[in-house]
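What follows is a single structure, written as structure tokens, with notes after it.
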């Protein structure tokens, strides 16, 4: 099946490849790589440049096309051929800047733990895309010494540095032996363009035949020179390579259950495809994160500045609940943050917000009890170390949120946050106002929430579809599980286990109308958990009916006979 | 509010039925204690064999012969009870909470009662006489505007009563009434048994002869069955019928020993803020400080945070029948310390105020909401539908609804039924039949009020209409209320046609329906005491059926499986159910060391508050059972049950008096005397004990000592008619008839409805040959108790005497 369809971009005039999807098989290539990339990267001048170079919009939306960045970050289609797994693993755990020609951009730190990094490594290592090009038979062992001379005397050192030789214009090759596989390196030097769309690296030793399938030497001894160069570069190992390899092997051995499939999910969850090209990773998602254009009216500037210095988990398991996406840490400089903030707030310090008076201790206490015992909020939101992990922590929201925005979220979430799953909770106005005041001012405890393990929690990608299954997946599955087994990622954080919709003996006792009412009016009315919110304000009757039918398909059971005669929903 | 008060004999505020003596032996009269169903007993014989039972001795023997652990003592309640002075009244709340205050002021609670100057009097005080067969009642306005009643009764001096307080405003949809209260010389505020009903616009009264509420008509006699002479007083008092603390706010009625009078305090006879929120004094103090915003507690609990049962209890302290465990409850006190809400269920089936499915049998308030699926399988509390401040209606989200009949009460949860209402209701949209409450919360006439006047309350068990079943238990189904021209069969067929199979009853209800008193003990235990159930009202009913139908003291050969079923119930989370189970086990097999120690251990493991609540209940279940044994003439079992009750709470004077009466019935007068002496040691100021002591002494011919005892009672509380009556009996017995006449006259002056008083007065007059006064007295006695054989004989004798001599 055709998943990829990148069009060629004639932006800087050096387009090399046109990848097209041809029935799932070979790519055809046209053109010959000759001209080096334009100027490398101009300095960022305007706030917009910062945003563009950092690639913010790749996840935060607003970009109509993948940015420049995508052409410059490594193409991961053949990551398994290219990288040593221990390198991927260690790099994911602790990314550092490799490339100097990608402007301000950098690989950010997603805070992966060992198991997450292992899963992703397994997946990336399984990616074995090979371009449909006839490479020379690079089977000889090169001469390291000759390779070093080659590196220093030939063009390499113009852009690269290794072992103290050359210029670090593009990247430092000093530790290449710990990073790359030999075979891949030889092929890359021969024909860089087939491994990376719009690569800056010129193919100096070979050129393509006219049908673009074969490589023709451009110089004498091309093959031998590549062997020598590669041998030299591969000999450059990082001093801690053995240590890294050991670490990786140990983790791998002790986590045999971590499989490629999970890695692929993490790859998708983190929207890796937002910055990296690849041939088979699912679609790039335009928005996996809040839209930057609307932040101004929602988020307080001072909080945002702090957040960008050290991002933490606002939503512990995905901007879309269950998707597991994270805001990674870019280690932004003050200048960068300053420019991003300027971009977001458009130089406009419009932080006007309605002053809401702080509640008395008594009211605070009351609302606290209501949150713990009556309201559904803590089903999704965490608070003082308890509660669900779907949505942001409720502590001290005046620091983060504009008070008017908070009020509008509580009053009518669908209007305040288009696309949110948060349902509107009806309550007396006085109680709502007290709740809003409490949320703004409670300062008792601010527990910094952490991202949830992507290994231990099932990742569920929300579906944009409007059918019952899609609604179930995006709204119900986070607690009830995709198949109704009460094992959604958030189930572990609820005091009461969610109803198992797959439990046929239990569900056979529940009339369809009861299921409908429970979805409509919430768990409490069925003497069940108050944390199951009422969806009646968020879903139409038809949608709820669809969910009831879907739940019946999960339990594969019929309601009690007395409930089915004449008087079920018509 | 619906006020009437048909209390079963077994509830705290009970009707006293007297057994009258038919021979001419001297009579004594024992007054009753609140928590027992003590029927006042007229002792029947002076002579008899008496045995002697020594309690302390038998207890000691138990201790010596076994490894039995002693029952723990009742833990002292460490909580300071709420005092009358802790309340501030609604006006104190109005300055800060004016929005709520204004809503409340016009609500039914806000207008539930008060001084006649402040509330709307709906009764016709028009000066028009209303005639009884033997009396004429004229409600009128005095020149100074006071609302008055004038009552002329045959043979009695004319009486006038001023209306000092008013209860009710004719608010209730299913029949609203108003009742009038007047202060009596003993300090009590008593209900005058002349009520006015809003819709029928008539004066009426209550009879307990099965007709319930009856308008005043010339064929009705005014007697004690019409609650004449007024005896029901405001406030909870142990010895009197009473309105508990519900028909007003913060009611306190105590007998003050120093003043020898009752003291009645209350803030208002409306239902005010503190009735639900508790005492406000501390709150006012805190919020008067400048730093109140920093205080976590403002002296009042936010009721909105209460859980389901906690929220219900706020309302159930009035909107439920309940047995009194201790008098003196005030809002803010722990309800469970003072009342047992499920205890009115105790007794035989026909005494249960609820049908097996929870619907009202006779009369009850809304505790049967606990039998509704909305409670059992849902979260419904009173405030799910009722706005607590203005008693308007609202939906589950607190959104205001237009009327008590608004579907939003139901459909804010049962949204599925609202999608296509007619598909569910089979009635035209917007028709009355299409309203949820028409079928599921129909107004049902409470049968104890009879059929003359409407007292219908909406059914809070929220049932499904089942015309055939409803008819089988004597309830008018919702269907027949509109379709009265249709037969039950027709309506049931219609339901079948429309709905097919309907939702089955709760398993516990099915069990109660299945139960048949002819079942063996084992069968009954299997049916009535299931291993698991989710229906506490039904479980209480099942336990009660079983305990009252099958159990008696020390059943050595009882089926072990049945005992095991009771054992499971001693772990029940509900304080009422658990205590009845423990009392039952104690009753039937306490002599088994293992069972005894199990009960002791169970008690010992409880936290002090729980243990106290359980022991209070436990000790009051056993006397209720004892009364049933007495009714069947089995005084030995009754005594054993009383004895066990005193094992749990050793200083309960009411139980001791009842036990003494039971001994006396067996002519075990020494034992009776002994137990009363024990009671006197505990409280020498309990006039009831002295009265009973006097009875035993008189019965055993210790006449002088008897007189001392009666006078002691009379000096403690000079407002008890039976004390005067009994002193009269002493003089009668000791042949001082003139003195007897003096005391009998005082007795009927204080209790003008004491038939025996008039009859013995008549007999005394005959002895001194004052036949004219004898004739008047015997007529008064027979007017109150026309069937009295001795009285009729006296009348006949007098008539023949007058015939001969005139």
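The values are calculated or read from the model by the stated rules, or taken from the named source; none is laboratory data. Remember, predicted model here, so these are calculated numbers, not experimental data. Counting neighbours? That spans all protein chains shown, and the Cβs are built from the backbone with ideal geometry, glycine included.
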Going residue by residue through segment B:389-408, is there one that turns out to be under 23 Å from residue B:513 (Cβ atoms) and part of a loop (DSSP other than H, G, I, E, B)? no
For residue B:330, state whether it is crowded, with 19+ Cβ neighbours inside 10 Å and under 17 Å from residue B:279 (Cβ atoms). yes
May I ask you to list the residues in segment B:236-277 that are out of contact with any helix residue (DSSP H, G or I) (no Cβ under 7 Å at 6 or more places or on another chain) and part of a strand (DSSP E or B)? B:242, B:244, B:253, B:254, B:255, B:256, B:261, B:262, B:263, B:264, B:268
Do you know which of the residues in segment A:534-555 that are assigned to a loop (DSSP other than H, G, I, E, B) and in contact with a helix residue (DSSP H, G or I) (Cβ under 6 Å, 6 or more places away or on another chain) is farthest from the other protein chains (Cβ to nearest Cβ)? A:535
Just to be sure, is residue B:753 within 27 Å of residue B:231 (Cβ to Cβ) and part of a loop (DSSP other than H, G, I, E, B)? yes
Out of B:282, B:336, I need the residue that is at pLDDT 95 or above and within 14 Å of chain A (Cβ to nearest Cβ). Which one? B:282
So which helices (runs of 4 or more DSSP H) stay within segment A:417-510 end to end and still have 2 or more residues that are under 20 Å from the mean Cα position of the chain (by Cα) and surrounded by 17 or more Cβ atoms within 10 Å (Cβ to Cβ)? A:477-480
For segment A:358-367, state whether one or more residues are buried (at least 17 other Cβ atoms within 10 Å of the Cβ) and more than 14 Å from every other protein chain (Cβ to nearest Cβ). no
Can you confirm whether residue A:276 is under 30 Å from residue A:191 (Cα atoms), touching a helix residue (DSSP H, G or I) at 6+ places or on another chain (Cβ under 8 Å) and surrounded by 19 or more Cβ atoms within 10 Å (Cβ to Cβ)? yes
Checking residue A:463 against (1) within 14 Å of chain B (Cβ to nearest Cβ); (2) without any contact (Cβ under 8 Å) to a residue 24 or more places away in the chain; (3) in contact with a helix residue (DSSP H, G or I) (Cβ under 7 Å, 6 or more places away or on another chain): exactly one of these is not met. Which one? (1)
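Listed here are the residues, each with its yes/no results for (1) within 14 Å of chain A (Cβ to nearest Cβ); (2) at positive phi; (3) free of Cβ contacts under 8 Å to residues at least 24 places away in the same chain; (4) in contact with a strand residue (DSSP E or B) (Cβ under 7 Å, 6 or more places away or on another chain).
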residue	(1), (2), (3), (4)
B:241	no, no, no, no
B:286	yes, no, yes, no
B:294	yes, no, yes, no
B:312	yes, no, no, no
B:319	no, no, no, no
I need a count of the residues in segment B:514-529 that are assigned to a helix (DSSP H, G or I) and crowded, with 20+ Cβ neighbours inside 10 Å. 3
Screening B:773, B:805, B:735 for residues that are surrounded by fewer than 24 Cβ atoms within 10 Å (Cβ to Cβ) and touching a helix residue (DSSP H, G or I) at 6+ places or on another chain (Cβ under 8 Å) leaves only B:773
Across segment B:406-430, the tally of residues that are over 40 Å from the mean Cα position of the chain (by Cα), within 16 Å of residue B:478 (Cβ to Cβ) and away from every other protein chain (no Cβ under 12 Å) stands at 1
Hey, can you tell me all the residues within segment B:267-276 that are within 23 Å of residue B:238 (Cβ to Cβ) and surrounded by fewer than 23 Cβ atoms within 10 Å (Cβ to Cβ)? B:267
Report whether or not residue B:511 is farther than 23 Å from residue B:410 by Cα, out of contact with any strand residue (DSSP E or B) (no Cβ under 7 Å at 6 or more places or on another chain) and surrounded by 17 or more Cβ atoms within 10 Å (Cβ to Cβ). yes
Looking at segment B:347-364, is at least one residue within 14 Å of another protein chain (Cβ to nearest Cβ) and over 20 Å from the mean Cα position of the chain (by Cα)? no
Options B:301, B:308: the member that is within 14 Å of another protein chain (Cβ to nearest Cβ), at pLDDT below 95 and under 30 Å from residue A:438 (Cα atoms): B:301
From the list B:197, B:222, exactly one residue is surrounded by 21 or more Cβ atoms within 10 Å (Cβ to Cβ), modelled with pLDDT under 95 and either closer than 30 Å to residue B:404 by Cα or in the same structural domain as residue B:238 (by TED's automatic domain parsing) (or both). Which is it? B:222
Quick check: anything in segment B:395-411 in contact with a strand residue (DSSP E or B) (Cβ under 9 Å, 6 or more places away or on another chain), in contact (Cβ under 8 Å) with a residue 40 or more places away in the chain and under 26 Å from residue B:270 (Cβ atoms)? yes
Would you check which residues across segment B:477-492 are surrounded by 18 or more Cβ atoms within 10 Å (Cβ to Cβ) and either in the same structural domain as residue B:195 (by TED's automatic domain parsing) or in a loop (DSSP other than H, G, I, E, B) (or both) and list them? B:477
